[in-house]
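The values are calculated or read from the model by the stated rules, or taken from the named source; none is laboratory data. The model shown is predicted, which means the values in this text are computed figures rather than measured ones. Note that we place each Cβ from the backbone using ideal geometry, even for glycine, and neighbour counts take in every protein chain shown.
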Amino acid sequence: MSFLNVLFWNVHKKDLTTQIVNIVHSRDIDILILAENPVSQIHLLQALNVKGPYYFLNHPLSQCKKITILTKFHYTSIVPIEEGDRLTVRHINLPTGEDFLLTALHMVDKSNFNSESQNEAASLVADQLSKVENRLQINRHIVIGDFNMNPFEIGMIKANGFHGTMSSEVARKGSRMVQQREYPYFYNPTWSLFGDLNKAVSGTYYYQHAEHVCYEWNVFDQVLIRPDMINNFVKDSLEIIQTDGVTSLLTRRNVPNKKTFSDHLPLFFRLKF
Amino acid sequence: MEMQNLWPDFAIEPTKSPKAILKEQAGYLMAKTNNVLSADVDTSTYQNNLIHKFYVVAPAMNNYRFEVFYIVHKIINFYPLSIYWYPEENDPYKESIEINSDEELINALRKIFNAPTTVKIISSLLSQSLAE
């Protein structure tokens, strides 16, 4: 059995090369996905490859400037299929002969878009992803990124949005009929990341504001898995990264140290094949 | 009694639909790139709106598609419509332009097609396609 270690991190337009390299090496990351990365890929690649030429550049065809993907396998095995300014859909072909779609995205944020606009954006993107799956006739699909919505928000759960469910058993049903139209599920394991029972943090993003309703902790960074890939997902591997292996990414109050690092914490998970 | 035709005379819109304008421009991209690149207009509905996404397609690169912009208008009216796109690279805010006529739409498309970001994307896809 082989494993693929995946890391997603919105680095908040900061040069976090040292922290990225520390995490990638300590976690043996195979697919590194960055949002809002200001550092040139070449610079990052050189920093990653100090111990040997293990990592490869982002695919040169990619025109999506908001997402950078570096991998331990050559970029010809992670080909861009469809992109926009906020998302990239890749077709991954593994040496084992298995293939799947990997979408990385960065959805519109809450400071510039109200919840209705976010909801509409979710519907548009979900429809786009569904069309790509139909065009390629591939329903093995993983979507990862900064959704700028919590897993419980309308755009994440509604049938004509991402249709993400917290239950892998529900997702295994495949799809749900609503008004004579069939909507496929995504399994969204990131529901399980809320709260601090087994970790110091309660989400991936902390934001306190003076309103009556304020969650303070949010899980904006999520992974969605189509039913046909649930068996490839190693459930107990899903983790919010709190340290790069050398330095904590948190303040003394256990919230993301956004002054020094990013306002988002990285998300890690493992796939098995 | 002989049945009469009760329908009124219907006015036929003399203007082209926004989708027809986009499709026409898609064809012009093919001509401009010697058929190396093409463009596609993908239409979907959301609530009472029609959404037309404009993609540049690179057939030589396994039909890779890049969404350049999209327009939204009511199902029953072409105008006013809104265009959403990124005017500059790394601009965090998607610009929404309100359009009230086909003339305004054509002017906005000219602006988008000639924007440095768009030209850069098309040039990159063109050169990579030609290198295949």
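Which is part of a loop (DSSP other than H, G, I, E, B), modelled with pLDDT under 95, closer than 24 Å to residue A:271 by Cα and out of contact with any Pro (no Cβ under 9 Å at 6 or more places or on another chain), of A:150, A:198? Walk me through how you get there before you give the answer.
On the way: A:150 fails: modelled with pLDDT under 95.
Exactly one residue qualifies, and that residue is A:198.
List the residue pairs whose Cβ atoms are under 6 Å apart, where the first residue sits in the stretch B:107-132 and is closer than 13 Å to residue A:60 by Cα and within 12 Å of chain A (Cβ to nearest Cβ), the second is acidic (Asp, Glu) and assigned to a helix (DSSP H, G or I), and the two are 6 or more positions apart or on different chains.
Matching pairs, first to second residue: none at all.
Only residues that are polar (S, T, N, Q), more than 8 Å from every other protein chain (Cβ to nearest Cβ) and under 18 Å from the mean Cα position of the chain (by Cα): list them for the stretch A:113-128, please.
A:118
Given the criteria over 13 Å from the mean Cα position of the chain (by Cα), touching a residue at least 60 places away in the same chain (Cβ under 8 Å) and at negative phi, does residue B:46 qualify? Give the steps one after another, and end with the answer.
Values: over 13 Å from the mean Cα position of the chain (by Cα): yes; touching a residue at least 60 places away in the same chain (Cβ under 8 Å): no; at negative phi: yes.
So residue B:46 does not fit the description; no.
Report, by residue number, each residue of the stretch A:66-86 that is more than 20 Å from residue A:7 (Cβ to Cβ) and not acidic (Asp, Glu).
Filtering the stretch A:66-86 down to residues more than 20 Å from residue A:7 (Cβ to Cβ) leaves A:76, A:79, A:81-85.
Listed by number, the residues that qualify are A:76, A:79, A:81, A:84.
List every residue pair whose Cβ atoms sit under 6 Å apart, with the two residues 6 or more apart in sequence or on different chains, where the first one lies in the stretch A:140-152 and is without any contact (Cβ under 8 Å) to a residue 12 or more places away in the chain and the second, anywhere, is crowded, with 24+ Cβ neighbours inside 10 Å and of a type in the set (Val, Ile, Thr).
Here the result reads none, with nothing in the stretch A:140-152 linked to a residue that is crowded, with 24+ Cβ neighbours inside 10 Å and of a type in the set (Val, Ile, Thr).
So, of the residues in the stretch A:86-112 that are in contact (Cβ under 8 Å) with a residue 12 or more places away in the chain and over 30 Å from residue A:273 (Cα atoms), which turns out to be surrounded by the most Cβ atoms within 10 Å (Cβ to Cβ)? It would help to see each step written out before you state the result.
Step one: list which residues in the stretch A:86-112 are in contact (Cβ under 8 Å) with a residue 12 or more places away in the chain, which gives A:86-96, A:98-110.
Retained after the next criterion (residues that are over 30 Å from residue A:273 (Cα atoms)): A:108-110.
Numbers: A:108: 21, A:109: 14, A:110: 16.
Among residues in the stretch A:86-112 that are in contact (Cβ under 8 Å) with a residue 12 or more places away in the chain and over 30 Å from residue A:273 (Cα atoms), the one surrounded by the most Cβ atoms within 10 Å (Cβ to Cβ) is A:108.
Scanning for something touching a strand residue (DSSP E or B) at 6+ places or on another chain (Cβ under 7 Å), buried (at least 19 other Cβ atoms within 10 Å of the Cβ) and under 23 Å from residue A:125 (Cα atoms), does the stretch B:109-119 turn up at least one residue?
Restricting attention to the stretch B:109-119, the residues satisfying the condition of being touching a strand residue (DSSP E or B) at 6+ places or on another chain (Cβ under 7 Å) are B:112, B:118.
Narrowing further to those that are buried (at least 19 other Cβ atoms within 10 Å of the Cβ): B:112, B:118.
Of the ones still in play, those that are also under 23 Å from residue A:125 (Cα atoms) are B:112, B:118.
For the stretch B:109-119, residues touching a strand residue (DSSP E or B) at 6+ places or on another chain (Cβ under 7 Å), buried (at least 19 other Cβ atoms within 10 Å of the Cβ) and under 23 Å from residue A:125 (Cα atoms): present.
So residue A:107 clears everything in (1) at pLDDT 95 or above; (2) among the aliphatic types (A, V, I, L, M); (3) more than 18 Å from residue A:6 (Cα to Cα) except one condition, right? Which one?
(1)
Looking only at the stretch A:249-273, which residues are over 17 Å from residue A:12 (Cα atoms) and over 19 Å from the mean Cα position of the chain (by Cα)? If you could, list the steps in order and put the result at the bottom.
Going through the stretch A:249-273, the residues over 17 Å from residue A:12 (Cα atoms) turn out to be A:252-254, A:268-273.
A:252, A:253, A:254, A:273 - these are the residues of the stretch A:249-273 that are over 17 Å from residue A:12 (Cα atoms) and over 19 Å from the mean Cα position of the chain (by Cα).
List the pairs whose first member sits in the stretch A:64-85 and is more than 7 Å from chain B (Cβ to nearest Cβ) and over 19 Å from residue B:69 (Cβ atoms), whose second member is assigned to a strand (DSSP E or B) and aromatic (Phe, Trp, Tyr), and whose Cβ atoms are under 8 Å apart, counting only residues at least 6 apart or on separate chains?
Hits for this filter: A:70/A:56; A:71/A:56; A:72/A:56; A:73/A:56; A:74/A:56; A:75/A:56.
Does the stretch A:129-139 contain any residue that is within 14 Å of another protein chain (Cβ to nearest Cβ) and under 17 Å from the mean Cα position of the chain (by Cα)?
The answer is yes; a qualifying residue exists.
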